């Protein structure tokens, strides 16, 4: 085993599965990268320039789209570089940076979704007091906390990883994650594993409780509402529910790979599972909201149609 002081880089073994068609995968991931950044930027721009969309829900959606760009930039450029590499090597510094970015973007997304769930609860259960309960100042505070809270919690835990030395170099994934890196440590990791489990609880359970509370209250109100009101509530909540499910599936895939024996699952399926929570939510969240919410859909079509007409004239 190598001395911990000399291990300054790691090998990402998942890319060996993609060697035979590396150029095809490179093209696919490059197109994904461009598409993911583009659709999130379009969503942010449309909400920013359209005064009618300057409402709490749309500000929170902007924050979600911004996190989608953060997630995309955190991983896909590295994937593209590694696909063209023959060593699949990543430096310790780059690995640590990737870990922090990936873990925080996932935590931030779940926190934003929890705040959006609370927003839907206020809009449906307390419509007359909505603008009072979701004032501009409160929305800005909630948006800031959606980033500060998960980044701080994980950052404090991440200090333990940064201080470690490593004796192994092989990471069986397409990118660095904290659990896989800690396993390569030269020293005992049981205490850090327990601390990591506690951190996971702190960045998942409060948000999950907020989402469950919000929808429990929404269901309670809808039980006694008219069918028209129920349909309106369902239409309002559907994009958020889909986004939460999308995010939960990605987290579940990651937990399965890090905490359970998945050796019976084909390697390419494992690769898809590991990339799911970084690629699918940032790709589909703006699409889900852009298609489902008429106010956004109308503005997007309006602006693109307007540009087209100007070109024709």
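The values are calculated or read from the model by the stated rules, or taken from the named source; none is laboratory data. For clarity, every value in this text was computed on a predicted model and none was experimentally measured. FYI the Cβ positions are ideal-geometry reconstructions off the backbone, even for glycines, and counts take in every protein chain you see.
Output the helices (runs of 4 or more DSSP H) that fall wholly within the stretch 100-194 and possess 1 or more residues being touching a helix residue (DSSP H, G or I) at 6+ places or on another chain (Cβ under 9 Å), at pLDDT below 90 and closer than 25 Å to residue 76 by Cα, or say none.
Answer list for the stretch 100-194: 178-182.
Looking at (1) over 20 Å from the mean Cα position of the chain (by Cα); (2) modelled with pLDDT of 75 or more; (3) within 30 Å of residue 79 (Cβ to Cβ), find the lone condition where residue 233 falls short.
(3)
If residue 66 satisfies all but one of (1) farther than 14 Å from residue 289 by Cβ; (2) surrounded by fewer than 21 Cβ atoms within 10 Å (Cβ to Cβ); (3) modelled with pLDDT of 90 or more, what's the number of the condition it fails?
Failing condition for residue 66: (1).
Considering only residues of the stretch 201-214 that are buried (at least 19 other Cβ atoms within 10 Å of the Cβ) and either at pLDDT 90 or above or within 19 Å of residue 164 (Cβ to Cβ) (or both), which is farthest from the chain's Cα centre (by Cα)?
214
Among the residues of the stretch 4-22, are any modelled with pLDDT under 90 and closer than 24 Å to residue 246 by Cα?
The answer is yes, given that some residue of the stretch 4-22 is modelled with pLDDT under 90 and closer than 24 Å to residue 246 by Cα.
Would you say residue 122 is free of Cβ contacts under 8 Å to residues at least 24 places away in the same chain and buried (at least 18 other Cβ atoms within 10 Å of the Cβ)?
Yes.
Checking the condition buried (at least 19 other Cβ atoms within 10 Å of the Cβ), at negative phi, in contact (Cβ under 8 Å) with a residue 24 or more places away in the chain and touching a strand residue (DSSP E or B) at 6+ places or on another chain (Cβ under 8 Å), which residue from 74, 107, 78 passes?
Result: 78 is the single residue among 74, 107, 78 that is buried (at least 19 other Cβ atoms within 10 Å of the Cβ), at negative phi, in contact (Cβ under 8 Å) with a residue 24 or more places away in the chain and touching a strand residue (DSSP E or B) at 6+ places or on another chain (Cβ under 8 Å).
Within the stretch 239-255, count every residue that is exposed (fewer than 15 other Cβ atoms within 10 Å of the Cβ) and either more than 19 Å from residue 284 (Cα to Cα) or in contact with a helix residue (DSSP H, G or I) (Cβ under 6 Å, 6 or more places away or on another chain) (or both).
1
For the stretch 26-51, give me each residue that is assigned to a helix (DSSP H, G or I) and more than 14 Å from residue 279 (Cα to Cα).
Across the stretch 26-51, the qualifying residues are 26, 27, 41, 42, 43, 44, 45, 46, 47, 48, 49, 51.
Got a sec? Which of 53, 32, 38, 18 is under 18 Å from the mean Cα position of the chain (by Cα) and crowded, with 18+ Cβ neighbours inside 10 Å?
From the options 53, 32, 38, 18, the qualifying one is 32.
Within the stretch 81-90, take every residue that is outside any helix (DSSP H, G or I) and either at positive phi or crowded, with 19+ Cβ neighbours inside 10 Å (or both) and give me the one that is nearest to the chain's Cα centre (by Cα).
Ranking the qualifying residues of the stretch 81-90, first place goes to 90.
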